[in-house]
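Bear in mind that the values in this text are calculations on the coordinates, not laboratory data. From a predicted model like this one, the values you see are computed outputs, not experimental measurements. Cβ placement follows ideal geometry from the backbone for every residue including glycine, while neighbour counts extend to all protein chains displayed.
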Amino acid sequence: MRSLDQIERNIEKIQVPAWGWVVAVEGVVPWLVVDSSGRPVEPIQRYLRDFLAQGNRPGSVRSYAYDLLRWWRWLRTVGVEWDKATSAEVRDLVLWLRQASKPRSSPRTSSAATAGTVNPITRKRYLGDQYEPTTIRHSNAVLRAFYEFWVEIGEGPLASPVPLQRMRGRRPNAHHNPMEPYRAEGRLRYNPKVPKRRPRALTDERWNGLFGAMRWHRDRAILAMGISNAARASELLGLRGNRHRLG
């Protein structure tokens, strides 16, 4: 087997074809990854079944399925079987994701002007055409969990191809409790750094405008209470009125 530094690929010229799909199905596992013939990819199917049994939500199953589909497409492109993958394949996938554009079923129209920019009112960044660092980090976490499952049951590779960052200055599990199992320590080696963003906030002018637009004192009181208690925007937007008549 070649070492990590001996595997070199021309990342810029790699084109990953659209192979397979994530499909919704009726049954215990609500989402599956199928190949180009419509047959479930068995290693992914078995893992997602165990993942769901751990109490994870169907939405998380769908998210993991898409990351594993991308991984299968990548392995087919570079000609490596899933149980023969090494950290070189993970490393090169990260490099490819950092410079590739996300596939789209149709070109952007009205959203082309705002892609990757920041909304001047909400200060929220519109999604661009490139893969975000958080997307790459999620992909690495999914692959790590997938291979840990197969390593644990002894039917996959002997070790996970998703490596941890080398520890500097201290020994892993240096203060390990002998009554507990060993746990992996450290961040994933190929995780990109996520830029720190300043908290979004309304200006005083916009806050006064929002507060003044309320028609009822009740609504102003609810908004003021939510802000004073540091409620999330999603919590405030999810409030629904329920009027009761007093007897």
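Here are a few things to note about the model shown:
- Scanning the chain for chymotrypsin sites (Phe, Trp or Tyr not before Pro) lying in DSSP loops with no more than 11 further Cβ atoms inside 10 Å, the longest uninterrupted stretch between such sites is 1-181.
- GluC sites (Glu not before Pro) restricted to the range 1-106 and DSSP loop, no more than 15 other C-beta within 10 Å: E8, E26, E81
- Applying a DSSP loop filter and a limit of 11 other Cβ atoms within 10 Å to the GluC sites (Glu not before Pro) in the range 90-163 leaves E155.
- Separation of alpha-carbon centers, the range 104-155 and the range 1-65, rounded to whole Å: 15 Å
- Helix 217-228 axis, angle to the chain major axis (alpha carbon atoms, nearest 10°): 40 degrees
- Rounded if a/c under 1.5, otherwise prolate or oblate - the range 4-153, Cα gyration tensor axes: oblate
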